[in-house]
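Worksheet for the structure shown next.
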Amino acid sequence: MGHTVRAAVVSSAVLVLTLTLTGTGAAAATPRLSSQLIGVAQFPKGWSVANYSGTVNAGCLSGVVGLSNVLKVKGEEQTASASVLLEKDEGVPLFSEMLGTYSNVTSAYSRIVTALVACKHVHGQVFGTPVNGSMKEMNFKHFGNASEAFFATTSVMGATFDEDLVIVRKGNVVVGLVEGGLPPVSTHQLQGFISQALAKVH
């Protein structure tokens with residue numbers, strides 16, 4: 001995959017989910033929560049842990065979920081967090097899992113979902129590259145105590161990329177899971193990854 005296309009793919013996924021950026025106010029990752037993340041050994045051959053960083057001005061996402069974690073939401077204290085980002089064959093698709101605990105997990109889950117529902121049009125810059133797109137709720141298999149799913153499509157440097165995002169409340173943990181890549185994203189594959197990921201969350 002060429003450098004330009006690869007950068008665009010990564011930018012698209014990062015814009016919608018702000019997966020790997022470091023920001024202020026995010027709760028520290030803890031060994032206990034990190035141990036509940038899905039591991040690369042649970043993925044098929046060709047998947048590996050990915051590491052990206054950069055700056056983002058993510059339009060409506062900037063104002064409602066913060067810049068370090070899609071599970072960081074205004075008005076709710078996040079007490080711990082953990083995340084992992086994986087990529088297939090050093091490219092796409094990308095898969096990320098994010099975990100968060102809160103002073104009030106039910107309220108936090110509700111605010112996160114409400115913020116994402118309100119973010120219907122995405123306009124911004126990632127790594128200095130303009131990105132435009134849209135996000136909407138979608139019908140999806142139910143997970144955990146409560147769950148909500150979203151579909152986003154973005155345009156970066158003339159290429160189109162899709163992302164499926166699922167927010168789950170399981171017990172005292174809110175889980176964000178995403179798969180992004182060239183359309184169409186495999187819903188069946190994502191559901192399998194989600195089931196494996198949630199089996200480790202307690």
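Please treat every number below as a calculation from the coordinates, not as lab data. Quick caveat: nothing in here was measured; it's all calculated off a predicted structure. All Cβ positions, glycine included, derive from the backbone under ideal geometry; neighbour counts span all protein chains shown.
Do any of 88/120; 74/141; 136/200; 74/120; 120/141; 72/136 go past 25 Å between their Cα atoms, and which?
Check vs 25 Å cut-off fails for 88/120; 74/141; 136/200.
Could you go through segment 192-202 in sequence order and give the Karplus-derived ³J(HN,Hα) for each residue, using 6.51 cos²θ - 1.76 cosθ + 1.60 with θ = phi - 60°, rounded to whole Hz, and x for Gly and Pro?
Result, rounded to whole Hz: x, 4, 4, 4, 5, 5, 5, 5, 8, 8, 8.
Extending each Cα 7 Å along its Cβ direction at residue 134 and residue 172, get the distance between those two points in nm, one decimal.
A separation of 4.2 nm, rounded to one decimal place.
Taking the Cα centre of each part, how many Å lie between segment 147-195 and segment 101-132?
Between the Cα centre of segment 147-195 and that of segment 101-132, the gap is 13 Å.
Can you run phi through the Karplus equation (6.51, -1.76, 1.60; θ = phi - 60°) for segment 142-155 and list ³J(HN,Hα) in whole Hz, with x for Gly and Pro?
Listing the rounded values in order: 7, 10, x, 6, 7, 8, 9, 10, 9, 10, 10, 10, 10, 10 Hz.
Please sort 190-196, 39-45, 94-100 by packing, taking for each peptide the average over its residues of neighbouring beta carbons within 10 angstrom, highest first.
Result, highest mean first: 94-100, 190-196, 39-45.
Which FRET efficiency value, to the nearest 0.05, is calculated for residue 125 and residue 145 with the Förster distance at 45 angstrom and r the Cβ-Cβ distance?
0.80
Quick one: which residues, 5 or more positions from residue 50 or on another chain, have an amide H under 5 Å from its amide H? H modelled 1.01 Å from N in the peptide plane, none for Pro or chain starts.
Here the answer is 85, 86, 87, since their amide H atoms fall under 5 Å of that of residue 50.
I want to make sure I understand the PRE zone here: with the label point 7 angstrom from the Cα of residue 187 toward its beta carbon, which residues in segment 160-178 have backbone N atoms less than 19 Å away?
Answer for segment 160-178: 161-168, 177-178.
So for the pair residue 117, residue 199, with labels modelled 7 Å out along Cα→Cβ, what separation do we get in nm?
Taking the two extended label points, one gets 3.2 nm.
Starting from the Cα of residue 89, step 7 Å along the direction of its Cβ; do the same at residue 41; then give the gap between the two resulting points in nm.
2.6
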